[in-house]
Each structure stands twice: as structure tokens, then as C-alpha cells.
């Protein structure tokens, strides 16, 4: 990446990393010299909406890219900040310099536009087929989900015991806040 | 403000500052030597419930007071703290010394009473007409809202492109948490 | 507690401490050399779900144990952390070394199991009768609640004016975020 | 302040607000339509280097401006953030929109220049005479200091018992960290 | 503890808990109905000045009191907050209600006096003999230190491998900030 | 990386990334299947000890590895946490699963050993020649430094204007705390 090269930024949560994510990033990588992938909400794990740690998601994506022969990328975990007004500056400090951000999210688009960045629409993919929410639902329900994600994602989830973790998450209350309805036989929140 | 003078505290979010707010503060200012206005939830902006930054709200209020010839006031942004047990001490450290707080909020009243402050009922105003929630709804819906706020508020929102920001906010997912339903065409949360 | 002694950990919010809690801890204390009780969500107070401070809950439990002649315990407030991935390390650093944790909460069980701790099922008690949610509802509604908690809990709530606090909490908006529907006559959030 | 008006930003700690500060701000106010004064390190108080709360400093400055007939200003407390990379965005979100920042601090100059703001050199004043460090030293030592600050500053310090507070600060260890050498007779840190 | 009973508060770091601490607390316990001991800087451990976790210090103190037959006490870890202006409210929310605080630290005395609490001088003890700083120095240097602390402290430090930890601490750089001079052979900070 | 493969962890600040760092990592990469490099103190930038953002350091390292043909690595920014007791859990959640950590820092070694990880000594390199402190000193002093770092580091520092930034850093006070001695002509801290 020289000064004339284009590094593009995309941000997602990747809970887990699926084939729709992969398609989008491959399309961007064809247009740009390199792609920076921000792993959003990096601080979360072990919840039903955010089952996997930033490190586990890092591994899913790295391996999937290796399978695809994709190597012109930067992979950066990004923890949330609680103030939109500083969010762009926060992201910018964590990732290598970039020329454009790809996003279809109106607020992301607005915040980066206000900050003077070029914002491009993200390539479309089959969102009916590929959805993190649906994949997580299938994992908990015991339905097929493996064909919706790269092999690397299947392998990482297998190695870390991810299905067992999600089953636990789907059956119980939060140990931190104790504010959900507790599972049968639990006394902690009562 | 000498030791015998009365400085009164009122706290609001002012998203945005409207004529109901102005009426209340003018009434308090007639009874007291000075009024301290706390701009609550100062850390929030760029959300549908909290579209404007603390600095933008500061400007709305300052200019409206100038239009009204009101000058015996202190204007102080107050970020939230996550613990009620230290909230009064937090507020007290940020604002000039005050003799009384005006509030109709039972918890605010209780917390300041427990801390030994004089708590007074806030003057009533026409809450049917003036409501931040309703004004924000009108701004997004493209209905009339300008007559509900001081001219200063209209001017600030115009200068900062506030209506465009709110339209963006009403159409998209949060870039920070990626946990809402995303807008059409967005892939980040999938 | 020597190296061969068993110190057991249990965690709850104790809002307030009731007879179900007491039964469970007494049962554990019979099986172990000592019990460490973690007072969870220690940073919260003055909300409907978390009315009492960590210090007030500490006092309820200490006195109830004195009434019962129970003295082989450690009582430790534990504030929430926002990341499950570090929660076990956080708890472990705050409490005396322990050999086992008693919990029926699946996620708590999983997190501590992954960290290499022995996890045991918590003894059962009559959850129909004893429930913090139900007791708080009764306190607000003016119904009988005293027979559901140890005498020590009644006395502490009386000394700190706990019923008055809960009545206030049930009638008003949050002073911190101003995002709930405000109480009649309140203007702060409008 | 219309779109063509110049609002200028200056930031200081004002521990306490002295005549050098006042001279600089008056000079800027002559050149611009309005001045925003950021009260830096707003979260600190009760230390030897930062004896006064943000609210107390707010009062010193407001009153001094009233004595001077200065009214085209905005006064905004700014708490520190621990990351320079987001500091400009943090400041910008708290203050009314501004056209230029006055600073002689090279890093402040650089950070705001990188962010696209006009940076101007702050007017010079007699730094031999006016220095917060020297004034605080004099206050603790019982030497003359009043002639170095506006009357408003003297009055506020008197009303809040500021000299007594500083004498305490100069004689003892920190209650928070217990890591300084404790005062004679103190046992807490031993 | 009824409404007429006196609960007294004392705060220390107890790194480690030594005989001077014990003497002071025993003296206070003779004058009052109960004593609340705040374990300050509870978040620190594994540094030369703060080698032991809050949980380890909790255990030292509890056992020492059991050896002494002292049972009218409350033991509460207190994490630091970074603002003196809210420190008293923070402490008050974590500990059972108290009537007086014993301290010889001028700032602690001032902060609690300003907040309306009765502040009493802590009993004197032989500070030449008993000092946490000196005891930690002896532990690292391999000199005698055991006679300066209660047997319970010796036992806890033995059980947790505390001497080994302190030797490590005395030989190396911080893993978190990497800003100290590194130990011989370390490359991380270079 | 399968279950039998060895992923190794090393952590540094890399301010900036130099040839000594590169030698160590290459040596580890020869012994293991992959290396995870943690970029420590990721939140810092724009100070004399920490001039470069995490994103800038990320770019230096990525490019240097590309120059070397090294591709079996994971690169992960790690922000500091203020408590050693949770530091290992924090790191573990951010990085891909690893089998061993290479470190010569005694505390890092101890913390990871206590947590059950295999800790290996980091390979030695010529620390006389390669030192971040010395390189930063040379950059500020205008002496030769380029031969001490990979070409990629030189290029990144050139692209981001790193030398200009460091000259600014070496001449001025902190804009955040205003507690250092200010530069000539600065008034902010006086």
C-alpha cells in the first residue's frame, strides 16, 4: 500500500463469519489494493447475540481468507465506545490508514461522511440466505447451519466447543446482571 | 450571587430545547438570583432519542436566553454516571454552588432531599403542547415543529443540518452495537 | 480454612435478602468449611429492580447470619463487568480463594467450569414462596412481605427508609437518563 | 453567532482563574464574535495541582466576566479522556461549533490542525507575574496571592473555604490511592 | 447494631495486614459497637506496592480477627474512583451505615467532614515498628517480616505463594504498560 | 492451525517496530506453526513514549512481514486494563487460541504461568543495537535511526508524518492534563 493505493474499510460483528460476509469482502478486495476488516463489538462474547470472542472471530476470518487465497487484508478488533460523537476517531486510531469505507448503514455512512471520508455502498449479497441471526438460531435449534459459513468457521466453532457454549447461553440467565428470567432450578436472581 | 443569593438548579436533556423548557426556566429565574441549567445525558448524540450533541444543545439554550434577555444563568453539561448512589455528588461537583433544585421527578427529588438539599416543585407548563418526544417525531415525519421551539433552536438545527441527521437516524441501524434491525441493503449486522 | 478446607462461593443480588437465600446458604454452610457470598451488581441501587445499596445488602446478610449463629462466611460486594470473558477472573480477584462454586445458572456454571473450577448444583428451595421480584412487588403494592425475609432484612429496610425509597422509585422517571416516561407533573424529559 | 460569525475556542485548567487568563480571553474576545472557554481536567478537584471543582471554576470565570462586562462567551467543562487520538472529537462534541482554536501548546496545535481546524497563536501575557502554579504555592504558604487574580476568584475561594482546603491538601496523603507518604500521625497507608 | 449503636469506619490498603493495623482496629472495636473495615485500592494486585488481591487481603483480616475473637466487624473492598468529589458518596454506598470515621489523614478527614460525618482521630500505634512499606521491603529482601504481622497474614501469604509473587514483582517490568525499565533479558519494551 | 498446531503469543508495544522485534518474531515463527503478535498499550498515541497509533503500528508490522515473506501470523491490538488480576483473561479473549507465550518479563511469565499457560523464554537479540527508547530519542534529536528498523517502518512513519509529530511531542505540554511544564509561549497551564 503506497500513498496511491486504496485501502478500504468494512466493519461487521461476524457472529459468526458467514459466506455472505466473505462474498462482500472478496468483492471489495477485487476493487481495492487492500481491505481492512473491523471486528465490531469486540468486547462481547458468551451471549446469544454475541457468542464468540474477538479472538475466535479473528481466527474464523483469517483461516477463511487463507482458504480463499486472500492475503491483502488487515484484521482489527474494535471495541464499542458509548458515544457516537467520537466513534469515527476511535475507529480511525485503531486501523491502518484507509481511503474509503464500504457501508450501507445510514448512520455509519453519515458519521464517516461528516468526518470527510469517502463512503461507498457495500456490494449486495443474498441476505435471505446469509444472516448471522438465522445462523445462530439454527445452531441453538440443532438445525443445519454449516453450509451457510466457510469451512474455517465450522472448524473454529468445533475446536472451541461453540455449539455447547450456545446451548448453555440459550438455557440460562446472565451471571453478570441477573436481570433476565432465570433458568429452571436457578436461585441466583430470586 | 453572594452568600445570600439564591442559585437554583434545573436539569433536563433538551433534545431539543423547546418553549416549555424556556417557560419553566424563565419562571424560576424570576424567583431566584440565578439559575443553573444542567444539560443531562451530555455524552449522547446522533441517536433518535438524543440527536444533538451537548455543544449543540448548549448553543440552542445560550442563544434563546440572549433572545429573551436572560443573563443570570450557568449552563453546564452533565454526563450520566451509572450509579444513582453517587449521582448527586457528581452533579454537585460540576455546577456552581446552588441553594435549591427544582424538579418534579420523584427520584431526583428523593436523591437530593436525602443529600440535604432544598427541593422545590418545578413550575407547570403546557405539556400537551411541548414535548421533546413529539417534536422529534415531527422532525422525522416532516411535520411542523418549528413553532414549538424558540427561534434559536430552529436556527441551530438549521446550521448543523439537524434534520438531515435525524432522517439518517430514523432509517438505520446503530454503527456501534450492530444489534438493531439493519436498514434495507445493509449487511453489517448479518 | 486450611488448604484442606472447603470454601464455597455463591453469588446473588439479594434485592432484598430473603428466606430462600438464607436456606440455600445454610445448606451449603453445612457441607463446607466456609461460604463466600458474593453480592452481585454491587454498583446498583435506587432502581425498582435494585433498590438497595451494596452496603445495605451487606448489613441485611450480616445481621441475618448473626441471628442464625452462622459465622464461617465471607461477604464480598462484586460490581458487574461488561465482558463475560473476564468475569471469572474479576470475581476470583475479589473473593478469598475457594474450592467450588454453587450455581444452577447454566452460564455461570459454564464460565467457571471452563476456568477449571468445581461447579456444584445449588440446593433447591421453595421458589414459589421466595422470590425477590415478588417481594419487591409486594413492597411497592403495600402488601405483606415481611414474613418472606429474615427479621434482619425487615429491620434494615426500616432503618434506611427502604419502603419510602421504593414508593418513590415506583412513581418516577430515572434522573440519570431521562428516557423513561416521566411521572405526572414532571417536565425534565419533555 | 451566525454562520459568518467567528466563535473561538480556548482551553485551560484555571486552577484558579487568574488575571493572565483574563487578559488572554479579553484579547481574543476583541477579535472574535464569541469565545468558548473549555474548563479542562474538569473531573479533578481536591488535589494540590487541581484544588477546585469544575463548578467552582465555572463560578470564578462567570463572575469575573460579569465584572468585566464580557458576555459573548460559552463556558464548558471538559473532562480528560485517556486517548489523544479521540481528544479533538471529544472536545468538539461538548462545545458549540467554533471556527478557530487559540493555543500555543504544540500538541494541541498539531491535533487540531490534523483535524482540519484553524489554529491561532494565543495572545501573550506576563507569564512571570501570572502562573497557576505560583498562585497555588502562595496560597499554601500563606503569602499574598489575591492581587494576581480577579476579585471574583478571591470571592469564590473565600465562599467555598478554598484556603482551608488547600492547607489540608498540602498536609496529607491521598485517601484514594494511599500511595503517597502519609502525614504525621496517619496510619492508613502503613 | 440498632439506631443507637455506633458503627465506625476505617479504611486502609492492608498490603499486607500487619500488627499495627490490628492494634488500631481492636482499639476502635472497644469504643464502638461494630467496625467497618474498608479494603482500599481493591482493584490493585500483583504490583510491588500492592502485591495482594482484595480477596487475599480479605482472608488475612478475617482470619486474624477470628484468632483475636473479634466478630463485630464488616469487611468491604473499595475500589478507587478517580474523582475526590464523589469519593465519599462512593464509599458510603458500599459500606453498612456508619456513625463515625476514624482517620488521621487530613484529606480523608476533610472530605468526610464536609459531607457531614463525624471524624475521629485514629488511635496511635508504633509506626516505627509497623509499616507496610517496610514489611514489603523485607519480604523482597529475604529479611525477617513474619513477626510484624498476625499469624493469619503469614499463613495466607504462604498459601498463595506470596513471597514468590513478590520476588517476581521486584525483578520485572509491568506487562500492562511496558513503560518501566525491563528486566535483564526482556525484549518486550524495546 | 489444527488442534495439534502450535500458535505462539508475543506481546510488545512496537513504538516503533524495529529489527530486534523482527528477529525475535522470525525466530519464534520458525519454531511454531503460527505467531500471534499482540500490539500492547493500543490505546496510546501522540506521546513521546507512545507516538504511533495502534493502526499505524499494525501497518508497520504487516508490511514488514510481507517484505519478509512471513504470513503465518495474527496481529491483534490490545488495550491496557488497569488490573493485573484480569489481564490474562483480557488478552486471551482478544487473540486466537494459543499454546504458549514467549516472554522474558518476569511478571508476564508469572501471570500466564499461574493461569496454566506454557511460558517460554523469548529468543535473545542485540539489545544494545535495537531499542525503542533509543530509536525514539534519535528521531527527536535528528540522528540516524532508519537503519535500526525495517524499511516498512521507515515508509509508514514517512507517510503519516511521524517525525513531525514527534518533534511536536518533544516540544510541548500535554493537552489533556495540562500538568507538565508548558512549552515556551504556552499559557494554557498557567
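Counting from the shortest, the label point at residue B:70, 7 Å from Cα toward Cβ, is 2.4, 5.5, 5.5, 5.6, 6.3 nm from the same position in each remaining copy. Sorted from nearest, the other copies put their residue C:4 label points 4.4, 4.8, 7.9, 7.9, 9.2 nm away, the label point being 7 Å from Cα in the direction of Cβ. From the alpha carbon centroid of the range A:60-128 to that of the range D:86-131 is 30 Å. Rounded to two decimals, the Cα-based Rg/Rh of chain B, with Kirkwood Rh, is 1.00.
How far is helix C:54-68 tilted off the main Cα axis of chain C, in degrees rounded to 10, range 0 to 90? Helix C:54-68 sits at roughly 60 degrees to that axis.
Return the calculated 222 nm mean residue ellipticity for chain D, to the nearest 500 deg cm²/dmol, obtained by summing -39500 (n - 2.57) across DSSP H runs with n ≥ 4 and dividing by the residue count.
-11500 deg cm²/dmol
For chain E, the longest principal axis of the alpha carbon atoms and the long axis of helix E:132-141 meet at an angle near 20°. Computed from the Kirkwood radius of its Cα pairs, the Stokes-Einstein diffusion coefficient for the range D:66-157 at 37 °C and 0.692 mPa s stands at 204 µm²/s. Stokes-Einstein diffusion for the range A:3-113, with the hydrodynamic radius set to the Kirkwood value over Cα pairs and evaluated at 20 °C in a medium of 1.002 mPa s, equals 149 µm²/s. Shielding value for B:105-118 is 6, the average number of Cβ atoms from other chains within 10 Å of each residue's Cβ. Per-residue shielding of F:34-44, expressed as the average number of other chain Cβ atoms within 10 Å of the residue Cβ, stands at 4.
Between the Cα long axis of helix F:19-31 and the first principal axis of chain F there is an angle of about 10°, rounded to the nearest 10. Remark: spin-label model distance residue F:27-residue C:48 equals 6.4 nm, labels positioned 7 Å along the Cα→Cβ axis. Residue-level result for chain E: its Cβ closest to the axis carrying E onto D, with that distance in Å, is E:82, 6.
Both radii are taken from the alpha-carbon atoms of the protein assembly as shown; with Rh as the Kirkwood radius, Rg/Rh is 0.94. Each Cα pair under 8 Å and six or more residues apart adds its separation to the average, and for chain F the resulting relative contact order is 26 percent. Taking every residue in B:163-171 and counting other chain Cβ atoms within 10 Å of its Cβ, the average works out to 3. Taking every pair of alpha-carbon atoms in the range C:86-138, give the share separated by more than 16 Å as a whole percent. In whole percent, the long-distance tail amounts to 52. With contacts taken as Cα pairs under 8 Å at a separation of at least 6 residues, the range B:1-48 carries a relative contact order of 51 percent.
Radius of gyration over Kirkwood radius for the range D:1-67, both on Cα atoms: the Rg/Rh ratio is 1.02.
Values in this text are rule-based calculations from the coordinates and carry no lab data. Quick caveat, the model's predicted, so the values are computed rather than measured. In this analysis, Cβ positions are derived from the backbone assuming ideal geometry, glycine residues included, and neighbour counts consider all displayed protein chains.
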